[in-house]
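Below: the structure, in structure tokens.
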Amino acid sequence: MHRIFLAIFLFLAGISNLAQSADFSVISAGVQPKMVKVYGAGGIRGLEGYQSGFLISDQGHILTVWSYVLDTDYITVTLDDGRKFEGEIVGADPRLEVAVLKIDTEGLEHFKLGDSVGVNPGARILAFSNLFKIATGDEPNSVLHGIVAATTPLNARRGAFKTTYKGTVYILDAITNNPGAAGGALTTRKGELAGLLGKELRNSQNGTWLNYAMPINELIPAIEDIIAGKTRPRSFDDDVIRPDVPHTLKTLGVRMVPDVLSKTPPFVDSVTASSEAEKKGLRPDDLILYINDRRVDSCATLRSELELIDQIDDVTLVIQRGDDLVEIILQGE
């Protein structure tokens, strides 16, 4: 009798496993067309030149992470069906480590940000990404399943795990944050969008890795601002009124690296002694990311933005120094 009950149990368990596998395949088939592979800068010091992303509009907008991979003039985006497009950076928020790309096509399957959901500790999840560059063309992205182990502010890990994002994250019981996975999609077992897989984070003290995702609901306001163009430099707008006596790099006491490229990154080359910049702690090799909440992507853009700020007004800079973001306020006259 016990053998009969055991046989029935194993039979039912087998049916359950088959049904679960079938469910996974159906969910995966629905998510894969929304996923993309992103290729860009890399190769230096063994850095991988690829990451993941996913479509968030029918006009070709793609959400991914802000990283060195995007620091190039030519970004390639490969769709699930193998088609390749040049990706344009619409905007980014390095403070949240997110970026939005756009490809020149329409009508693609995509996640709707407004339909994204939150997940609680213990929730079963799926993670879609181009893990280890397994997919290069029309091959499907990798799919991992696991659970949400905890929800916690990431700044609790500062000092061991280096990141500029300090908000809430989902800690995952799944090996998700390996090379290429950054920018992938975290979904529920039903395929509902829940999070953005973050960049690799390794504890330098013991060599362990932190597997995490950033909740989409935490990122939506920044994503919507980027798509709406609210973070673009004001100097792009011809109708902006320019002051008679604007700030300049010289008056602030800042010298940038030689502007020799079409988009020379805005690194500080030197700081004038006793200048406002030196007094407020600006240093050589600081990378200027924002000026008065407007993102700058080159030395030329930085100069153009300064031309719009009157010398009597303060200049707020957000700079990247190593793995940290630092805000510096240079006072006007």
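The values are calculated or read from the model by the stated rules, or taken from the named source; none is laboratory data. What you are looking at is a predicted structure, and each value in this text was computed from that prediction instead of being measured. Here the Cβ is made from the backbone with ideal geometry for all residues, glycine too, and neighbour counts use every protein chain on show.
The sole residue among D225, D259 that is under 28 Å from V119 (Cβ atoms) and modelled with pLDDT of 80 or more is D225.
Among E200, E139, E192, which is the only one that is touching a residue at least 60 places away in the same chain (Cβ under 8 Å) and assigned by TED's automatic domain parsing to the domain that holds G82?
On the way: E200 fails: touching a residue at least 60 places away in the same chain (Cβ under 8 Å); E139 fails: touching a residue at least 60 places away in the same chain (Cβ under 8 Å).
Result: E192 is the single residue among E200, E139, E192 that is touching a residue at least 60 places away in the same chain (Cβ under 8 Å) and assigned by TED's automatic domain parsing to the domain that holds G82.
Taking the criterion of being among the small types (G, A, S) and without any contact (Cβ under 8 Å) to a residue 60 or more places away in the chain, the only residue of segment 115-136 that qualifies is G122.
Just give me the residues in segment 262-283 being surrounded by 14 or more Cβ atoms within 10 Å (Cβ to Cβ) and modelled with pLDDT under 90, in sequence order. Those that are surrounded by 14 or more Cβ atoms within 10 Å (Cβ to Cβ) and modelled with pLDDT under 90: K263, T264, P265. Under the condition of being farther than 19 Å from Q32 by Cα and either touching a helix residue (DSSP H, G or I) at 6+ places or on another chain (Cβ under 8 Å) or not acidic (D, E) (or both), which residue from segment 66-86 is surrounded by the fewest Cβ atoms within 10 Å (Cβ to Cβ)? Filtering segment 66-86 for residues that are farther than 19 Å from Q32 by Cα and either touching a helix residue (DSSP H, G or I) at 6+ places or on another chain (Cβ under 8 Å) or not acidic (D, E) (or both), the one surrounded by the fewest Cβ atoms within 10 Å (Cβ to Cβ) comes out as Y74.
Within the set D313, D297, D323, the sole residue that is out of contact with any strand residue (DSSP E or B) (no Cβ under 9 Å at 6 or more places or on another chain), at pLDDT below 90 and not aliphatic (A, V, I, L, M) turns out to be D323. All conditions but one from (1) in contact (Cβ under 8 Å) with a residue 40 or more places away in the chain; (2) under 23 Å from Y165 (Cβ atoms) apply to L47; the one that does not is (1). Restricted to segment 92-118, and to residues that are modelled with pLDDT under 95 and of a type in the set (V, I, T), which residue is farthest from I147 (Cα to Cα)? In this case the residue turns out to be T105. Residue-level analysis places R303 among those that are closer than 26 Å to I226 by Cα and not in a strand (DSSP E or B). Among the residues making up segment 266-301, those that are of a type in the set (D, E) and either out of contact with any Phe, Trp or Tyr (no Cβ under 8 Å at 6 or more places or on another chain) or more than 16 Å from M256 (Cβ to Cβ) (or both) are D269, E276, E278, D293, D297. If I ask for residues that are over 13 Å from G183 (Cβ atoms), assigned to a strand (DSSP E or B) and without any contact (Cβ under 8 Å) to a residue 40 or more places away in the chain, which ones from segment 50-88 would you list? T76, K84, F85, E86, E88 - these are the residues of segment 50-88 that are over 13 Å from G183 (Cβ atoms), assigned to a strand (DSSP E or B) and without any contact (Cβ under 8 Å) to a residue 40 or more places away in the chain.
One residue stands out in segment 306-328 among those that are in contact with a His (Cβ under 9 Å, 6 or more places away or on another chain) and part of a strand (DSSP E or B): the one that is nearest to D286 (Cα to Cα), namely V315. Of the residues that sit in segment 87-105 and are buried (at least 19 other Cβ atoms within 10 Å of the Cβ) and acidic (D, E), which one is nearest to T163 (Cα to Cα)? That would be E97.
Filtering L70, L55, L18 for residues that are aliphatic (A, V, I, L, M) and modelled with pLDDT of 95 or more leaves a single hit, L55.
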